[in-house]
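Please read the structure below before turning to the comments.
Here, each number is a calculation from the coordinates, and none is a lab measurement. Treat the numbers as computed from the prediction; the structure is a model and nothing was measured. Cβ: placed from backbone, ideal geometry, glycine included. Neighbour counts: every protein chain shown.
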Amino acid sequence: MALSKSRKLLVLLAVLVVVHVVFLFVRPTGASAARSPSDVNVGIVFDLGGRGDKSFNDGAYVGGTRAERELGARVRFIEPGDGSDRESGLRLLAAEGMDLVIGVGFIFTDDLTQLAKDYPRTNFAGIDFAVATDPAGNPIAPPPNVAALKFREEQGSFLVGALAALESKTKKLGFVGGMDSPLIVKFEAGYRAGVKEVCPQCTVLVGYAGVTPEAFRNPGKGKELALSQYGQGADIIYHASGSTGLGVFEAARQTGHLAIGVDADQYAEAPGHVLTSMVKGVDEAVFDVIKLVKEHRFRGGIYQLGLAEHGVGYVYDAQNRGLIPDSVRSRLEALRGEIVAGRIYVPSTR
């Protein structure tokens, strides 16, 4: 009998520990996590780097909180600590019966694909979802309850590459990537193409922080790569590296050179040293897909968001206008028009 009571006590303690961990792991927003049948209930799992990356995780947060304010959505955010937490977070939200579960980042692709099969009545969306292709190179549609939200990063990167080349005094530019992966190669390829479009004699120095997702949250490595490129003569560096890019901005301040931000307006990271930022409408994409679910118009499939759809662009405002002459701005807008019209093809691979 004593042994039986001890086992029951151990089981009870184990259950309490699990419940405690779950409540620490899930970070609800809003005044209450209570649910109503009339609400749209959304779960969002951030990529490594999490909130505060001043980049696409923060963009997803902005889109989610806007949906709370304007659509009455109830949004629950999860910030994973490592790779296994990502899948656990997605599965937890799906099991709770969320109307929409969003994974922020291409590394969620396999998990979303599997969960969409396990929970066919749940809607899923993936920011930067990595769409597979068949042997002929044709895209393979994701499961019917998955919206693959993809951006034409190469197009926005082309424009900031052209800007960097037009502004460079040394004719040497730099690029710092996070994880060496097909997604980040799109940034590099577009940037290189933009540089070469307006300055064939210019060279581009390239460095990556690593080959795993950890490469997106290593500011020390970002600074090291940037200082090396500045030391080799680059006077403007474009980064596509998540919070690793914070080290690039530190290097720009330290050396007095310029940097180009990514995903969101990053001027505040190094005022006077950020020429522009290549922005992705992650906040708009998150808000729009939540709105589709709210209005019962959600459809799975591949959504391509480029210059024509205002899914990507570059920052030009009161803060950086003094760094960009009117003639350069006009040239960039002409290039934008050429890309949208299909007269300039922007590569997405090396």
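Quick one: which of 186/294; 54/172; 169/196 span more than 25 angstrom between C-alpha atoms? Write out the running numbers ahead of the final one.
Working: 186/294 32 Å; 54/172 27 Å; 169/196 15 Å.
Over 25 Å Cα-Cα: 186/294; 54/172.
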Once residue 68 and residue 349 are pulled to full extension, the length gained, defined as 0.36 nm per residue separation minus their Cα-Cα distance, is 97.4 nm
Between residue 96 and residue 309, the FRET efficiency computed from the C-beta separation at R0 = 35 Å comes out, to the nearest 0.05, as 0.65
Here the FRET efficiency for residue 326 versus residue 203, based on Cβ atoms and R0 = 22 Å and rounded to 0.05, is 0.20
Taking r as the C-beta separation of residue 133 and residue 296 and R0 as 25 Å, the FRET efficiency to the nearest 0.05 is 0.20
Of the DSSP H helices in the chain, the ones reaching 24 Å or more along their long axis in Cα terms and averaging at least 0.5 in Kyte-Doolittle hydropathy are 2-25
Of the candidates 222, 46, 127, the farthest towards the positive dipole end of the chain (Lys/Arg Cβ +1, Asp/Glu Cβ -1, centred on the Cα centre) is 46
Among the stretch 148-176, those whose backbone N falls under 18 Å of a label point 7 Å along Cα→Cβ from residue 341 are 159
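Please report the net charge: other residues with Cβ closer than 14 Å to the Cβ of residue 297, K and R +1, D and E -1. Before the final figure, lay out the partial values.
Numbers: positive: 291, 294, 299; negative: 99, 288, 295.
For residues surrounding residue 297, the net value is 0.
I need 134, 283 ordered by Cβ neighbour count within 10 Å, fewest first.
Ranking 134, 283 by Cβ neighbours within 10 Å, fewest first, gives 134, 283.
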A correct fewest-to-most ranking of 257, 239, 310 by other Cβ atoms within 10 Å would be 310, 257, 239
Taking 296, 273 and counting other beta carbon atoms within 10 angstrom, the fewest-first order is 296, 273
Taking a crude spin-label model, label points 7 Å out from Cα along the C-beta direction, the residue 211 to residue 141 distance in nm is 3.6 nm
Once both label points are put 7 Å beyond Cα along the C-beta direction, the residue 333-residue 117 separation in nm becomes 5.0 nm
Projected area averaged over all directions for the convex hull of the alpha carbon atoms of the chain, nm², comes out at 21.4 nm²
